[in-house]
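The values are calculated or read from the model by the stated rules, or taken from the named source; none is laboratory data. All of these numbers come straight from a predicted model, not from anything done at the bench. Virtual Cβ from ideal backbone geometry, glycine too; neighbours counted across all protein chains shown. SASA here: full protein model, heavy atoms, side chains in, ligands and nucleic acids out. Shrake-Rupley method; radii C 1.70, N 1.55, O 1.52, S 1.80 Å.
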Amino acid sequence: MHVRVFRTVDEAAHAAASAVAAQLARTRDSVLGLPTGRTSLDVYEELVRLHDTGEADFSLAHTFNIDEFVGLASNDERRYCAFMQQHLFSHINLPARHVHFLDGGTADHEQECARFERDLASVGGLDLLLLGLGGNAHIGFNEPGRSLQPRTHRARLALETRRANAGLFEGRLNTVPREALTMGIGTMLEARAIVLIATGRSKARAVGSMFNGRISTGQPASFLQLHPSVEVILDLPAAEQLPESGFDAKP
Ligand code: GLP
């Protein structure tokens, strides 16, 4: 894994957005995997800026969002698809029919997850997967546990994750969904390239767990060590628990 450490959140977000723009410049019809969350907000703001300056063209791209809550009504503005619309899609030239989401409101989740996998396969899989990182080292909504599922599936959310998402639900933990649909770790690892961004001290422990030389279902992000092309973008606080040596860190 290639690690880049930046002094500020803005610099880290710029690096992640630039990686997406560079992918689109290389391959205009790229298939992108996208996360939600606070960290991605900074990246999307920068991507909108790059789009406005003509440095990021989404006109032929496809996007697949990696996760979505289960059980929210289709017009609920706390759905991740509403978040994406508000912060990215409404500001860029990505055709609406190229936007792909998991529908957490459907009755048959198994069928919905299979449809998502089929749609992804039909456009050739992910060229670039952009990831955030949970404080408990989850990626997407693949939570720490005794086992992980390789393909897109219905997942139970950890309490820590529900707490981290409570901001979206007026801080009321009991209204945060208990389940979500998420791309599985195996599907993620099939992406041709992965860029993970983590900022802030609250992510330092999870970042450290990706570099402690072990792979464990208790730390889902540790599985990224199996992938040949992962770029990890950090700010200084998130990099606090990186091992002293052995990694290509560029402050
Ligand atoms: C969320 C999402 C992830 C996201 C991660 C980090 O719960 N399911 O896709 O990458 O957790 O979120 P944040 O950036 O808000 O810390």
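Remarks
- Protein heavy-atom accessible surface, 1.4 Å probe, per residue over segment 59-115: 47 Å².
- Applied to segment 208-218, the Karplus parametrisation 6.51 cos²θ - 1.76 cosθ + 1.60 on θ = phi - 60° returns per-residue 3J(HN,Hα) values of x, 5, 7, 10, 9, x, 10, 10, 8, 5, x Hz, with x for Gly and Pro.
- Residue-wise HN-Hα coupling along segment 109-123, computed from phi with Karplus coefficients 6.51, -1.76, 1.60 (Hz; x: Gly, Pro): 5, 4, 5, 5, 5, 5, 4, 4, 4, 5, 4, 5, 5, 5, 9
- For the chain, DSSP calls about 30 percent of its internal beta bridges antiparallel.
- Around the Cα centre of segment 49-104, unit charges on the Cβ atoms of Lys, Arg, Asp and Glu (plus for the first two, minus for the last two) sum to a dipole of about 60 debye.
- Antiparallel %, DSSP beta bridges [both residues in segment 136-251], to 5: 55
- Cβ-based charge dipole, the chain, positive-most Cα from LEU60, LEU88, ALA206: ALA206
- For segment 56-76 versus segment 190-217, the gap between their alpha-carbon centres in whole angstrom: 23
- Between amide H atoms placed 1.01 Å from N, distances below 5 Å from VAL176 occur with no residue 5 or more places distant or on a separate chain.
- Assuming charge only on the beta carbon of Lys and Arg (+1) and of Asp and Glu (-1), the dipole of segment 109-200 about its Cα centre is about 260 debye to the nearest 20.
- Those trypsin sites (Lys or Arg not before Pro) in segment 1-80 that DSSP places in a loop and that have at most 10 other beta carbons within 10 Å: ARG7
- Cα gyration tensor shape for segment 148-251, rounded if a/c is under 1.5, else prolate or oblate: oblate
- Among LEU41, SER216, PHE6 - extreme Cα towards positive end, dipole of the chain, charges at beta-carbon: SER216
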